[in-house]
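Below you'll find the structure, written out as structure tokens, and then a few comments.
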Amino acid sequence: MSFFVESSAWVFLCLTVLLGGGVAFLAGRSLAGSWRPLWQLFLYMLPFTGALRFLHFALYGNELTSLQYFLSHGLVVTLFALLGYRMRRTSQMTSQYPWLYERSSPLSWRDKA
């Protein structure tokens, strides 16, 4: 767990997972809602991770330029963004093309038989 947490597990949980993850989830939903390709999600998460790292630095005095924490926090917010993107895309495909696809899980769809 120390790979992800700098000073306090509560700071990581509240700032990165709850706040950052929630915003990243909504950003992923928004990207899917505008029919943007998946690769753009990764580009959008780079400056967002930088902003999140800045909040850790400005509010809690954590190191700003740590590559280790940039990558670990970036991984967390990217996973949340991917979750939001995939859930929205599944909803889009099954609601806009109901004669072609049906929902097979919250994150996937399949061809109708």
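Quick notes on this structure:
- Carbon + sulfur, % of accessible area of the chain - ligands and nucleic acids excluded, 1.4 Å: 68
- For Trp109, the residues whose modelled amide H falls within less than 5 Å of its own, excluding neighbours fewer than 5 places apart on the same chain, are Ser104.
- Centre-to-centre separation between the Cα atoms of region 35-102 and those of region 20-34: 7 Å.
- Max mean-square fluctuation residue, GNM over the chain, Cα-Cα springs under 10 Å, options Leu18, Leu31, Leu67: Leu67
- Computed over region 69-109: relative contact order in percent, which uses C-alpha pairs under 8 Å that are six or more apart: 35
- Close amide-amide hydrogen proximity is noted between Tyr101 and Lys112, each under 5 Å apart and 5 or more residues distant or on a separate chain (H modeled in the peptide plane; Pro and chain starts excluded).
- Percent RCO, i.e. relative contact order, over region 1-66, from Cα pairs under 8 Å lying at least 6 residues apart: 28
- Between helix 38-60 and the chain: long-axis angle, C-alpha atoms, 0 to 90°, nearest 10: 30
- Solvent-accessible area of Met45, all protein chains in place: 10 Å² (probe radius 1.4 Å, heavy atoms, ligands and nucleic acids excluded).
- Dipole magnitude for the chain: computed about the Cα centre from +1 point charges on Lys and Arg Cβ and -1 point charges on Asp and Glu Cβ, it is near 480 debye.
- Among the listed values (1) 22, 15, 13; (2) 33, 13, 10; (3) 22, 19, 14, the one matching semi-axes √(5λ) of the Cα gyration tensor in Å as calculated from this structure is (2).
- Relative contact order of the chain, defined on C-alpha pairs under 8 angstrom at six or more residues apart (%): 32
The values are calculated or read from the model by the stated rules, or taken from the named source; none is laboratory data. As the structure is a prediction and not an experimental result, all values here were calculated from the model. Note that each Cβ is placed from the backbone with ideal geometry, even for glycine, and that neighbours are counted across all protein chains shown. These area figures cover heavy atoms from the full protein model, side chains too; ligands, DNA and RNA do not enter into them. Shrake-Rupley method; radii C 1.70, N 1.55, O 1.52, S 1.80 Å.
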